[in-house]
Amino acid sequence: MLPIKDQFVLPEGMIYLDGNSLGPLPAAAAQRIAATVQDQWGQHLITGWNKDGWMHQPAVLGNRLAPLIGAAKDTVMLGDTLSIKVFQAVSAALSLKPDRSVVLSDSGNFPTDLYMANGLIEHLKQGHVLRVVDPINMIDSIDESVAVVLLTHVDYRTGRMHDMARITQAAHEAGAIMVWDLAHSAGAVVVELDACQCEFAVGCTYKYLNAGPGAPAFIYIRPDIVESINPILSGWLGHDAPFAFEAEYRPGHGVERLRVGTPPVIQMAALESALELWQHLSIHDVRQRSIELSELFIALVEQRCPMLTLASPRRSEERGSQVSFAFDHGYAVIQALISHGVVGDFRQPNLMRFGFTPLYLDEQDVRSAVDKLDTILSQSLWDREEFRAMKAVT
Ligand SMILES: *Cc1c(COP(=O)(O)O)cnc(C)c1O
């Protein structure tokens, strides 16, 4: 079954190891987007909201995405960006714990999650604090002062993966609310939201779900608490009756209340098409294959490129779908690799990141990528001015 390379548009000769940042274009998505623009927007104009089901897309696609993250029907809503969804989840979580003041996170979290939590805290002016600890000390840091544990499941730099079930349980034992960020998990690793019983989860769809740059984010709320949430971002499309245009806000039914404003219809079309690829795939198979490819990569790199140091956990159970190696000249090496057709990326201070997505990668790709990496390192091909100059987006 895997890979399904022919379902993606990939430039000839490119080995793409950056699906953890931006997934490639599914071939069917290009056509779906064109049809949405020309046939729907072009021909139906405003009637598209009814005729083409645009208004229901965020919920319909939430239900398509749900099985991939172990969530039940009507618990997932698409929309906005992940930063916004973090804000929504943390604010709702804090409102469930009015007597507690700590938002607990770890130093491996993606900066926007921490920025948004801090921005919210400053805005609320209710004496909350953001406590950031080393990820290794997470369980021990959860005490009864903690209102919300806000964690990213898979570390964007190292690929280190938290034990979702165990940490959620520890949060609940201390009476805290659990918010998981699945940015590097959805479509990459097995996630069982309903089973782990976390209250909230958020994530994006442009990484391992391949819905394109700017694709909508998602938010999950555990169904037994959704009706008690009063959304802080009380936009009209989260209202119970948006087209009644009432003077007062009343939250909509269930997870509908986490909608804010007009959905990005064209990007939703890309997402719909990207999610269709998963109808014939099992996340368990994808995960298994990704472990095999990652292990092959680690073994070959360690054998042939001894100047690089593995920065990801060695045990696959503790690692997501990406592998990072540390090297002082990592940025220049990645630029040189890109110029040789192998696309990875770089994260400060010295991490070279490689994502292994078995949808469009196979063993031969992994071997060729290591061949090129070996050549670039052993011949110091990276040591050139053009590769050292930092670009705006790394
Ligand atoms: C990629 C990523 C984001 C990006 O947020 P946007 O609002 O979509 O730009 C946020 N959090 C984590 C953990 C990420 O990996």
*How many residues does segment 268-296 hold that are among the hydrophobic types (A, V, I, L, M, F, W, C) and under 18 Å from the mean Cα position of the chain (by Cα)?*
9
*helices (runs of 4 or more DSSP H) within segment 1-76 that include 1 or more residues crowded, with 21+ Cβ neighbours inside 10 Å and at pLDDT 95 or above*: 27-35, 57-65
*Quick one: would you say LEU130 is within 16 Å of ILE177 (Cβ to Cβ), of a type outside the set (Gly, Ala, Ser) and within 16 Å of the ligand (Cβ to nearest atom)?*
yes
_Any chance ASP285 is out of contact with any helix residue (DSSP H, G or I) (no Cβ under 9 Å at 6 or more places or on another chain) and without any contact (Cβ under 8 Å) to a residue 24 or more places away in the chain_ = no
*Kindly check whether there is at least one residue in segment 88-99 that is more than 30 Å from VAL265 (Cα to Cα), buried (at least 19 other Cβ atoms within 10 Å of the Cβ) and modelled with pLDDT of 95 or more.*
yes
*asked:* If I filter segment 103-119 for residues that are surrounded by fewer than 23 Cβ atoms within 10 Å (Cβ to Cβ), farther than 19 Å from ASP80 by Cβ and aliphatic (A, V, I, L, M), do I get at least one hit?
replied: no
*Report yes if GLY214 is under 25 Å from SER91 (Cα atoms), open to solvent by less than 30 Å² (accessible area, probe 1.4 Å), small (Gly, Ala, Ser) and assigned by TED's automatic domain parsing to the domain that holds ALA188, otherwise no.*
no
_Could you check segment 118-141 and list, in sequence order, the residues that are closer than 21 Å to MET161 by Cα and part of a loop (DSSP other than H, G, I, E, B)?_
ASP134
*Criterion: among the small types (Gly, Ala, Ser) and either open to solvent by 10 Å² or more (accessible area, probe 1.4 Å) or modelled with pLDDT under 95 (or both) - qualifying residue of ALA188, ALA170*: ALA170
_Pull out all pairs, ordered by first then second residue, where Cβ-Cβ is under 6 Å, the residues are six or more apart or on different chains, the first lies in segment 17-29 and is within 16 Å of SER273 (Cβ to Cβ), and the second is of a type in the set (A, V, I, L, M) and within 16 Å of the ligand (Cβ to nearest atom)._
PRO26/ALA274; ALA29/ALA270; ALA29/ALA274
*Filter result (open to solvent by less than 70 Å² (accessible area, probe 1.4 Å) and not in a loop (DSSP other than H, G, I, E, B)) within segment 243-265*: ALA244, PRO251, GLY254, VAL255, GLU256, ARG257, LEU258, VAL265
*Only one residue in ALA311, ALA299 is modelled with pLDDT of 95 or more, small (Gly, Ala, Ser) and within 22 Å of the chain's Cα centre (by Cα), so which one is that?*
ALA311
*What pairs can you find where one residue is in segment 70-88 and of a type in the set (Asp, Glu), the other is within 8 Å of the ligand (Cβ to nearest atom) and assigned to a loop (DSSP other than H, G, I, E, B), and their Cβ atoms are less than 6 Å apart, with a gap of 6+ or different chains?*
ASP80/ALA217
*Which residue pairs have Cβ atoms closer than 8 Å, lie 6 or more positions apart in sequence or on different chains, and pair a first residue in segment 215-244 that is of a type in the set (Lys, Arg) with a second residue that is part of a loop (DSSP other than H, G, I, E, B)?*
ARG222/THR75; ARG222/GLN197; ARG222/CYS198; ARG222/GLU199
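The values are calculated or read from the model by the stated rules, or taken from the named source; none is laboratory data. These figures come from a predicted structure and were not determined experimentally. A quick note on method: Cβ atoms are made from the backbone with ideal geometry, for glycine too, and the neighbour counts reach across all protein chains shown. Heads up: the accessible areas ignore ligands, DNA and RNA and are worked out on the full protein's heavy atoms, side chains in. Shrake-Rupley method; radii C 1.70, N 1.55, O 1.52, S 1.80 Å.
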